[in-house]
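To keep things clear, I will list the structure first and then write my remarks on it.
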Amino acid sequence: MEKRTAELVTCGLRCPAIGAVELTDESSALATSIASLRCAIRLHDELRSRGATIPNAGAFEIGRAFTAGGRAPRGRIAHAFELLLREHRSVKGDEAWVRAGARSELELARDAGDTWTVPSSVRPHAYRMSAFGQIAADLGGL
């Protein structure tokens, strides 16, 4: 996954429409994710230039770690995944979704007999879309 992500951050990708992301095609999901990160960072920077204060600026810095130039893509992506995992663990604590497995690889954190699996798609949450809509309205539209 790191190799494919490193390839994608060197490509030009169009900002995707807001909607469900199918996780059944890993390459497509990764491309949508990278394009979405770039779009979110561009919008974040636009809002900041207009004087808006956005909570959790650290989340955007993790996004920049994936998309910003400079370091070689493979090293940058490994570092960005490390930052993302660290943030996930700090937020979720004992409820983190992943843990270190055999040979330092990651595995889903679940107990024996637990039937939870990774969903086949991810959809925008209505409460988040409402919050974004309110920010846009407060700023007079984007």
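The values are calculated or read from the model by the stated rules, or taken from the named source; none is laboratory data. Keep in mind that this is a model prediction, so the values were computed, not measured. Quick reminder, even Gly has a Cβ in these numbers, built from the backbone with ideal geometry, and neighbours come from all protein chains shown.
Tabulated data for the structure shown
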| item | result |
| --- | --- |
| Residues that are outside any helix (DSSP H, G or I), of a type in the set (Val, Ile, Thr) and modelled with pLDDT of 75 or more, drawn from the stretch 84-116 | 98 |
| Residue in the stretch 56-73 that is closer than 22 Å to residue 126 by Cα, among the β-branched types (Val, Ile, Thr), touching a helix residue (DSSP H, G or I) at 6+ places or on another chain (Cβ under 9 Å) and surrounded by 12 or more Cβ atoms within 10 Å (Cβ to Cβ) present | no |
| Failed item in (1) among the polar types (S, T, N, Q); (2) under 14 Å from the mean Cα position of the chain (by Cα); (3) under 25 Å from residue 131 (Cβ atoms), with residue 5 passing the rest | (3) |
| When residues of the stretch 75-92 are limited to those that are among the hydrophobic types (A, V, I, L, M, F, W, C) and more than 13 Å from the chain's Cα centre (by Cα), the one farthest from residue 65 (Cα to Cα) | 91 |
| From 31, 96, residue being farther than 30 Å from residue 133 by Cβ, among the hydrophobic types (A, V, I, L, M, F, W, C), surrounded by 12 or more Cβ atoms within 10 Å (Cβ to Cβ) and within 17 Å of the chain's Cα centre (by Cα) | 96 |
| Residue, farthest from residue 118 (Cα to Cα), within the stretch 1-20, restricted to residues that are buried (at least 16 other Cβ atoms within 10 Å of the Cβ) and β-branched (Val, Ile, Thr) | 9 |
| Residue list for the stretch 3-46, filter: assigned to a loop (DSSP other than H, G, I, E, B) and in contact (Cβ under 8 Å) with a residue 60 or more places away in the chain | 9, 10, 18, 19, 20, 23, 24 |
| Residue match in the stretch 47-64 (condition: more than 20 Å from residue 23 (Cα to Cα), basic (Lys, Arg), in contact (Cβ under 8 Å) with a residue 60 or more places away in the chain and not in a helix (DSSP H, G or I)) | yes |
| Selection from the stretch 67-83 of residues that are part of a helix (DSSP H, G or I) and either in contact with a Gly (Cβ under 8 Å, 6 or more places away or on another chain) or basic (Lys, Arg) (or both) | 74, 76 |
| Qualifying residue in the stretch 126-138 (condition: part of a loop (DSSP other than H, G, I, E, B) and at pLDDT 75 or above) | no |
